C-alpha cells in the first residue's frame, strides 16, 4: 500500500455539517477500493484541509473522491523523508 495525500481548499470555511455529509460517502467509495483514511488536518480558518490515505495508488483515491462527488484540489503519492 502507498501513502497518498489529498489537498482541499474551500471558498467558505468547512462546516461540521459539510464534513459530516461528505465523509460517509467518501468512506464507502474508499472501502470498495480497499483504501483507508489515516488522518485529516484542517487549517485553523477551516479553508484548507489535508487528508492522508493508504491505498494502492493516488489514482485509486482520486477515483473514490470522484465517485463520492467530493471535490479536491490535488491528490498525490507521498513518502516519509529519509
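Rule-based calculations on the coordinates, nothing more; no lab input. Fair warning: this is a prediction, and the values are worked out from it, not measured in the lab. Here the Cβ is made from the backbone with ideal geometry for all residues, glycine too, and neighbour counts use every protein chain on show.
Brief remarks follow.
- For the chain, calculated [θ]222 nm from helices alone, where every DSSP H run of n ≥ 4 adds -39500 (n - 2.57): -11000 deg cm²/dmol
- Of 36, 15, 47, the one that fluctuates the most in a GNM where the chain has Cα springs shorter than 10 Å: 15
- Nearest-ten-degree value, helix 58-68 long axis tilted from longest Cα axis of the chain: 40
- Added length on full extension, which subtracts the Cα-Cα distance from 0.36 nm per residue, residue 27 to residue 79: 16.5 nm
- Taking the chain and dividing mean pair separation by its residue count, relative contact order in percent (alpha carbons under 8 Å, at least six apart): 47
- Relative to the longest principal axis of the Cα atoms of the chain, the long axis of helix 16-32 makes an angle of roughly 20 degrees.
- Length gained when the stretch residue 69-residue 11 is fully extended (0.36 nm per residue, less Cα-Cα span): 19.2 nm
- Computed label-point distance, nm, for sites residue 19 and residue 48 using a 7 Å Cα→Cβ extension: 1.6
- Comparing 21, 33, 62 in a Gaussian network model of the chain (Cα springs below 10 Å), the most mobile by mean-square fluctuation is 21.
- Coordinate range along principal axes, alpha carbons of the chain, Å, largest first: 33, 32, 17
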